[in-house]
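To keep things clear, I will list the structure first and then write my remarks on it.
The values are calculated or read from the model by the stated rules, or taken from the named source; none is laboratory data. Note that this is a predicted model, so its numbers are computed, not measured. No Cβ is skipped: glycine too gets one built from the backbone with ideal geometry, and neighbour counts run over all protein chains shown. Protein only, heavy atoms only, side chains kept; ligands, DNA and RNA dropped before computing areas. Shrake-Rupley method; radii C 1.70, N 1.55, O 1.52, S 1.80 Å.
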Amino acid sequence: CYYFIVSKKVFWSSMRIPSRSVCTYILATHLGTRNVLYGCKAFVASSSFVTKSTHNLDRSLFQRPHFRKRQRMMSTTTTSSSSFHTEVVPGRVALLQFRVTDSKQKNHETATIFIARAAESGAQLAVLPEIWNSPYATAAFGNYAEQVPEVGEQQPSSVDSPSIYLLVQLAKEHSIYIVGGSIPEISKNGKMYNTCVCVDPSGTIVAKHRKVHLFDIDVPGGICFKESDTLSPGNDLTYFNAGEPLGNVGVGICYDIRFPEYALLLCKKYNCNVLIYPGAFNLTTGPAHWELLQRGRAVDNQCFILTASPARTEPPSSDDEKSKYPHYTAWGHSTAVSPWGDVIASCDENENIVTADLDMTLVSQMRQGIPILQQKRGDLYEVNDGEKN
């Protein structure tokens, strides 16, 4: 049996396809050649559907390099989490895209449900969206900010750090790596940061990233937003080891993705195979740059790029529904991109779990086949991490 997705509708055929090339042509016709995936297995899960790969496609139609592996694709429909795998599948990642509300408690409940679904799907690592416990508004950050423990902490306070406490408990419960999107952090000196915490399956905090580049933009006719009104920038490169086969994983937050130097240093200094950017692009920058920047960073560094966005929420339609904070409309479209720069898994603006199996051999194959990291001209230019001798 063969399954095809066209505009998220499932079509079923019991006819045996006579040729893999014909199968590829059909998929390319309906999904576009860029979305006939290869190099990893891709899944998209929501409350109404799950898509995953299941049969081989002939890549010769697209004249891709010989080291690009064949991809298999299928769709099926489920309404129960019981169909998911319960054992960890090495290299499987889950990008959690859910709606964020004014209620921290409700946001905690939603995160708990989505992390459980990610674990049930067999994910080795789950990624939450940027500012997942709070409205994305500078006026809200102070009211939702928490203390964020340092690397190595295993028992954060449920009172001072309730969101981090939750992530630690869920990582232990589900034996999964969690890249905790980001939350507003209040430090001991009173400064606030946009901070991501990464937790390993033992419940240990293995990385803490404070957003290095603050989102201060003013696009005429578009959007004006100033994170620096309330937040301070971080000063560190951040990475952690996520175990085999993922290896070293670099972490940035949203606007950090616009700065190629940051990504280059993570890969140069720490040999990162995956770069993760929880982000909340908007309806001005999202359509124009969200995918473009991810593909650019993937090609620049010959690694996988993963992003997780909040799901889109529309502005309130009545005074009764209005929040005391300005409404921010996220672009959504959480995405995984291969070292070749292909979008290997993505979704729309609604709540979803985007899951992909990352074939980490593609990183080494790309870096050996097109060895740009060894071909850089240090005599003409250099990127360093700002450390002074």
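Structure notes:
- Links that overshoot a 27 Å alpha carbon limit, given the list K226/K269; K104/K208; K104/K211; K208/K268: K226/K269
- Computed about its Cα centre, the charge dipole of region 344-389 is approximately 440 debye, with only Lys, Arg, Asp and Glu carrying charge at their Cβ.
- Accessible-area value, W340, 1.4 Å probe, nucleic acids and ligands omitted, Å²: 70 Å²
- Accessible-area order (highest first, 1.4 angstrom probe) of the listed residues D385, D218: D218, D385
- Phi angles of region 255-260 translate, via the Karplus equation with coefficients 6.51, -1.76, 1.60 and θ = phi - 60°, into HN-Hα couplings of 4, 4, 5, 6, 10, x Hz per residue; Gly and Pro are given as x.
- With K and R counted +1 and D and E -1, the other residues having a Cβ less than 12 Å from that of V383 yield a net charge of 0.
- Whole-number accessible area per residue in Å² for region 349-389, which is evaluated in the context of all protein chains at 1.4 Å: 66 Å²
- For region 229-283: accessible area per residue (Å², 1.4 Å): 35 Å²
- Based on Cα contacts under 8 Å between residues 6+ apart, region 193-263 shows a relative contact order of 28 percent.
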